[in-house]
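Notes to accompany the following structure.
The values are calculated or read from the model by the stated rules, or taken from the named source; none is laboratory data. These numbers come from a predicted model, not from an experiment. Here Cβ is always computed from backbone atoms with ideal geometry, including for glycine, and neighbour counts include all displayed protein chains. Accessible surface is based on the protein model in full, side chains and every heavy atom, while ligands, DNA and RNA are left aside. Shrake-Rupley method; radii C 1.70, N 1.55, O 1.52, S 1.80 Å.
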Amino acid sequence: MNVLVIGRDDDPSTNDLISDLLFRGHRATRINGSTGNKPFTMELGSKNGIQCSFGGSDINSYDAILFRKEHNPFAFDNADRHNDDMGKLLEEIAEFQRLELRQARQVMYSLASIPAYPMMSAVASLNKMLVLKEAFDVGLKIPRTLITNSKVELLRFVRDVGQVITKPINEFYPIRWKDRAYAPYTARLTASDIDAMSDTFFPSLVQEEISKVYEVRTFFAANRCYSMAQFNADHETTELDFRRYDEDRPTRSVPYKLPLGMEQLITDLMAKLGLSTGSLDIIRSGNDYYFLEVNPVGQYGMVAHPCNYNLDRVLVEMIEDEAR
């Protein structure tokens, strides 16, 4: 089996997957950040029908495509972005390129007649609100969520639900400036924050804060849930966002088994979203589980290593089974 792997230079999970593919006697062609500007062509309407090639090779000459991480090989060097107005313009162009590449990749997966595993969806990210709606529809509990640009509506929402948090509407996207990255972490929205806001503001996502006992990270693959519990509720740094990791006080992470009914609801949701793999964030509050979001290209190593799950092998065997 010959697998085309599309990723980034800085993704260690891609290295592990390729090592397992090679160990099991398969071939792997990797295209990442340093080689991502290889020829990419799609054509419709020619006498030869649909044509789709990547890196000079017909996409269908591979047995499977695996997309791990997004990278824009045409992005401007960060140094070019520090020139005030011109820098802002370059940033806008870079974002436009990123979205254009994402759309092109979706078409590539649709045109390919071989199994495609964009880790494992046709998009690298999902609309959070739409995913929450789908989760609610299949029977999962979700926090009440609002997107608004109105202070009046925000105050009404706070009166209804109590304490709220805010997070990006879109995926995690750090702002890079002067050799530093500023990450948009989840944060609690206080009364003084709201008082200081204008009557109208940039559209923002606000969510009911769920009091948690612990968090559950679940990696879904091959119709199974591989879960890990993280006990971070009593730490002010990681209380709202586990990504604000404290090296001096590591979070305790242990293997975890969700109730069978919860796992079935997750399986139903993933099927509805068309995802064969993904990383899910869940909160345990009292006796209830609340679904927060799913990342189709989430890092599974953070679950695999602490819990001794051999997820590289699980993914490779999943590809082997579906390629037969």
Sort out which residues of segment 303-319 are over 20 Å from the mean Cα position of the chain (by Cα), surrounded by fewer than 16 Cβ atoms within 10 Å (Cβ to Cβ) and assigned to a helix (DSSP H, G or I), and write them in order of number. Arg313, Glu317
Long-range neighbours under 6 Å by Cβ, at least six apart or interchain, first residue farther than 19 Å from Ala112 by Cβ within segment 302-324, second modelled with pLDDT of 90 or more and open to solvent by 70 Å² or more (accessible area, probe 1.4 Å): Cys307/Pro255
Out of (1) farther than 24 Å from Ala112 by Cα; (2) modelled with pLDDT of 55 or more; (3) aliphatic (A, V, I, L, M); (4) open to solvent by less than 80 Å² (accessible area, probe 1.4 Å), the odd one out for Met86 is which? (4)
Tally time: how many residues in segment 136-164 are open to solvent by less than 40 Å² (accessible area, probe 1.4 Å), in a strand (DSSP E or B) and closer than 10 Å to Val206 by Cα? 4
Go through (1) modelled with pLDDT under 90; (2) under 30 Å from Lys257 (Cα atoms); (3) in a strand (DSSP E or B) one by one and return the number of the condition Leu205 breaks. (2)
Name the residues in segment 111-135 that are at pLDDT below 90 and assigned to a helix (DSSP H, G or I), would you? Leu111, Lys128, Met129, Leu130, Val131, Leu132, Lys133, Glu134
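Which one of these is open to solvent by 30 Å² or more (accessible area, probe 1.4 Å), at pLDDT 85 or above, over 25 Å from Ile165 (Cα atoms) and aromatic (Phe, Trp, Tyr): Tyr300, Tyr256, Tyr226, Tyr290? Can you show your working first?
Working: Tyr300 fails: open to solvent by 30 Å² or more (accessible area, probe 1.4 Å); Tyr226 fails: open to solvent by 30 Å² or more (accessible area, probe 1.4 Å); Tyr290 fails: over 25 Å from Ile165 (Cα atoms).
Checking each option against the conditions leaves just Tyr256.
State yes or no: is Thr251 among the hydroxyl-bearing types (Ser, Thr, Tyr), crowded, with 16+ Cβ neighbours inside 10 Å and either under 19 Å from the mean Cα position of the chain (by Cα) or modelled with pLDDT under 65 (or both)?
Details: among the hydroxyl-bearing types (Ser, Thr, Tyr): yes; crowded, with 16+ Cβ neighbours inside 10 Å: yes; either under 19 Å from the mean Cα position of the chain (by Cα) or modelled with pLDDT under 65 (or both): no.
Spelling it out, it is not the case that Thr251 is among the hydroxyl-bearing types (Ser, Thr, Tyr), crowded, with 16+ Cβ neighbours inside 10 Å and either under 19 Å from the mean Cα position of the chain (by Cα) or modelled with pLDDT under 65 (or both).
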Just to verify a result, which residue in segment 259-287, among those that are part of a strand (DSSP E or B) and among the polar types (S, T, N, Q), is surrounded by the most Cβ atoms within 10 Å (Cβ to Cβ)? Thr277
